[in-house]
């Protein structure tokens, strides 16, 4: 059975002091929810503060981005090796990285491989835009992103990978995909493709998250679906609502 997984992506929010206050608010309840793998992904400047607060709680720490090179003349970037000194997870290919910062399927693949080499668990994001969805291209786009993003990986490496399906049109808009619609993509497109690329066992064991306007109100219905193994949560992870979402996954 796949252990439920919920990651909070704080995006570009919370100073170190604000992050400390939020974790102190969430921790008393999150600390006891051991049936769910919980990961907090604050901005780089808050990593140390959050790490110190969640030490020995079982809650994981993640970064929101990495560079694929181990070192070099890449001003403003952070390598997977550097990130691994503080964190255990890395969000890769988030739609906002693709939209605003030129992330491509190829760079997603490079970063995924770099994360694994550094001992980080990559949370690889895929998902179609509103225009692609309305044009009936969801299967085409998501399939391409999965194939190219995971190119070159071996089945044994996939046990250290998490996939997040986040339809771009649902992120931060309040327009979450229907539970059945999200589940259909995760079951009939992503998981079926994992069987083709790797094998049945890999597909069965992979945790596939849903991301896109997940709230305390809709989380239970989303997570009740057969192939939604948890969530990559944005805005709601900055509120006490996050505890309700984690509970819904357990």
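Values in this text are rule-based calculations from the coordinates and carry no lab data. Fair warning: this is a prediction, and the values are worked out from it, not measured in the lab. In this analysis, Cβ positions are derived from the backbone assuming ideal geometry, glycine residues included, and neighbour counts consider all displayed protein chains.
The table for this structure:
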quantity	calculated
Per residue, the convex hull volume that the Cα atoms of the range 1-130 enclose (Å³)	133
Cα-Cα separations in the range 31-97 greater than 13 Å, expressed as whole percent	65
Helical contribution to [θ] at 222 nm, DSSP H n ≥ 4, -39,500 (n - 2.57), averaged over the chain, rounded to 500	-10500 deg cm²/dmol
Diffusion coefficient, µm² s⁻¹, Stokes-Einstein with Kirkwood Rh over alpha-carbon pairs of the chain at 20 °C and 1.002 mPa s	120
Zero-based 5 Å bins, Cα pair distances in the range 47-195, whole percents	2, 9, 18, 20, 19, 15, 11, 5, 1, 0
FRET efficiency estimate (nearest 0.05) - Cβ-Cβ, residue 21 to residue 173, R0 22 angstrom	0.20
Span from the the range 55-120 Cα centroid across to the the range 130-182 one, whole angstrom	18
Tail beyond 17 Å, pair distance distribution of the range 125-209 (Cα, percent)	43
Footprinting exposure proxy for 160, 229 (fewest neighbouring C-beta atoms within 10 Å first)	160, 229
Percent of beta bridges antiparallel (DSSP, the range 5-249, rounded to nearest 5)	0
Contact order normalised by residue count of the chain, Cα under 8 Å, 6+ apart, percent	22
Of 75, 215, 48, the one that fluctuates the most in a GNM where the chain has Cα springs shorter than 10 Å	75
Anisotropy class of the range 175-250 from Cα gyration tensor, a/c 1.5 cut	prolate
